[in-house]
Amino acid sequence: MDSFVNWSLLALSAPGWGGALLQGFLHSIEIALGGYALGLLLGISGAFGKLYGGPVLRDLLECYTTIVRAVPELVLILLLYYAGTDLLNQLLGLLGLGAVDISGLMAGIFVIGVVQGAYSTEVLRGAIRAVPAGQIEAARAYGMSPAKVLRRITLPAMLPYALPGLSNLWLIATKDTALLAVVGFAELTLVTRQAAGATKAYFLFFCAAGALYLALTLVSNAVIGVIERHARRGFVEQR
Amino acid sequence: MSNETTHALAFSPQDLPKTESFFKPHRIVLIVLFVGLVLAIAIFMRWDWLPRYLPRLGNGILVSLAMLFSTSILGFLLAIPLGLVQVTGPWLLKGPARLFCTVIRGTPLLLQLWLLYYGLGSLFPQFPAIRQSFLWPYLREAWPYGVAALTISFAAYEGEVMRGAFAGVPQGELEAARAYGMRRWTMFRRIWLPRAVHRALPTLTGETVLQLKSTPLVATITVIDVYAVISKVRQETFLTYEPLILLALVYMCLTGLLVLAFRYFENRIPTRGA
């Protein structure tokens, strides 16, 4: 063998697997973005429900966050993947509509979103409680409606406290997409395994996929740094 | 940047319900509803497979727990030097340690696991020296690769925590130790390490719970843990929900027990003002 590594396997066009890997990487990013956005929505409503909701709503949310945080993501993904698609089809059947084939992408976004929602509920709840009560009271005293208080005061003021936790969650979301390989969704990790199995070049492909994930993490870290500096611009620098 | 917070908020002792102020009218209604749900699950779903698989399930739980404890302990032992060299080490050690933590924390555990199992597993048989060594019977099994991957992952995450913990020990305490004439090693053993471990303990609970939640991944490389047993049940009985619900319940109980155990140990460590 003239060279230890056969780089042509990573070529973008057909005999090489590079294109397939990048396609899988794109799917991973799509799912991470979608799941993270859904998780944020769930998290904001969950945090407000926990802080200002009635006792029953609070207890139900507590159950949600506790269960999701105590059960492995892999098990949750299996449960939600099967149960979610099943329930939706039964619901459509009750409404008299035919069963739909739910795409793996939507199912993946749903699953990651539900898992992320529980964690971001906790992060955002802590951040909202860190906002000085006087600021919210002042907003109320000015006659702002609750929705306006949320949009103008609570969300912007809690952002600096929430960002470290939220950026962690984003990094976790990108890595959790790998678990969807177990339910057979063609994201980066599964494509990598298929490529490696077909060519027997295990190290090459797994390292290439690792490099892609690492690049995503490092780029995310740089972007997060910029956002954090922007959000903390009014703060006294601690140190 | 948030290097100190390595993970999302794990389930922690503060999340356990307290006995006082637990029973309120609406809670009793919720509990009744919940008991009804459990009864409905028990009656209307199929559980006749359970007795046949019970011994295997018990075995699987033991394998999962063995994975958890061995990798957490090994990983923690690795995390101490990893954290230490990042704080005081020469750049020759500091650089690789930081790189190790970044790379491991930046890639999914499943990928690392498959890299070790399929990658190394396909590489080792090519070397006769390895095939003839006494290690070969173990290297042909799947569990050493699972242990290795989980240990490395735990070491990287906890190493980052230990770095913060070592750096957070007040300088005055170390200076006092030096003033007493302690040598570097004595100072490390008597002051620096115990204080750092004490500082890192609260995060250790969360990391261990997260490690428990990572153990089912080893089922993807044919280690028969509780998750693999449940997968087997699903294949043989064609049931979807019942085994998964049981699996979720098993993991919730394990997490609860783990958190309770950690709370017990944390309460035993005296703190100021307690």
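Read through the list (1) surrounded by 12 or more Cβ atoms within 10 Å (Cβ to Cβ); (2) away from chain A (no Cβ under 14 Å), then give the number of the only condition that B:Leu68 fails. The number of the failed condition is (2). The single condition among (1) surrounded by fewer than 16 Cβ atoms within 10 Å (Cβ to Cβ); (2) within 12 Å of chain B (Cβ to nearest Cβ); (3) among the acidic types (Asp, Glu) that A:Glu122 does not satisfy is (1). Does at least one position in the range B:173-182 carry a residue that is of a type in the set (Phe, Trp, Tyr) and not in a helix (DSSP H, G or I)? Yes, there is a match, as at least one residue in the range B:173-182 is of a type in the set (Phe, Trp, Tyr) and not in a helix (DSSP H, G or I).
Scanning the range A:168-181 for residues that are buried (at least 21 other Cβ atoms within 10 Å of the Cβ) and of a type in the set (S, T, N, Q) returns A:Thr174, A:Thr177.
How many residues are part of a loop (DSSP other than H, G, I, E, B) and closer than 27 Å to B:Ser214 by Cα if we restrict to the range A:35-84?
2
Residue-by-condition table, conditions (1) touching a Leu at 6+ places or on another chain (Cβ under 8 Å); (2) farther than 25 Å from B:Thr240 by Cβ:
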position: A:Gly16; (1), (2): yes, yes
position: A:Phe25; (1), (2): yes, yes
position: A:Ser45; (1), (2): no, yes
position: A:Phe48; (1), (2): yes, yes
position: A:Tyr52; (1), (2): no, yes
position: A:Arg58; (1), (2): no, yes
position: A:Arg69; (1), (2): yes, no
position: A:Leu74; (1), (2): yes, no
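Pairs needed: first member in the range B:219-230, facing chain A (nearest Cβ under 10 Å); second member anywhere, among the charged types (D, E, K, R); C-beta distance under 6 Å; at least 6 residues apart or different chains. Filtered contacts from the range B:219-230: B:Ala219/B:Asp225. Among the residues of the range A:34-48, those identified as of a type outside the set (Phe, Trp, Tyr) and crowded, with 18+ Cβ neighbours inside 10 Å are A:Gly34, A:Gly35, A:Leu38, A:Gly39, A:Leu40, A:Leu42, A:Gly43, A:Ile44, A:Gly46, A:Ala47.
Which ones in the range A:193-239 are in a loop (DSSP other than H, G, I, E, B) and more than 10 Å from every other protein chain (Cβ to nearest Cβ)?
At the first step, the residues of the range A:193-239 found to be in a loop (DSSP other than H, G, I, E, B) are A:200-201, A:232-239.
Across the range A:193-239, the qualifying residues are A:Arg232, A:Arg233, A:Gly234, A:Phe235, A:Val236, A:Glu237, A:Gln238, A:Arg239.
Taking the conditions (1) free of Cβ contacts under 8 Å to residues at least 40 places away in the same chain; (2) more than 29 Å from B:Ala149 (Cα to Cα) in turn, B:Thr237 satisfies each one other than (1). A:Ile109: within 13 Å of chain B (Cβ to nearest Cβ) and in a helix (DSSP H, G or I), yes or no? Considered against the rule, which asks whether it is within 13 Å of chain B (Cβ to nearest Cβ) and in a helix (DSSP H, G or I), A:Ile109 comes out as no. The single condition among (1) in a helix (DSSP H, G or I); (2) modelled with pLDDT under 90 that B:Phe134 does not satisfy is (1).
The values are calculated or read from the model by the stated rules, or taken from the named source; none is laboratory data. Please read all numbers here as calculations on a predicted model, not as lab measurements. Cβ sites come from the backbone with ideal geometry, for glycine too, and all protein chains shown count toward neighbours.
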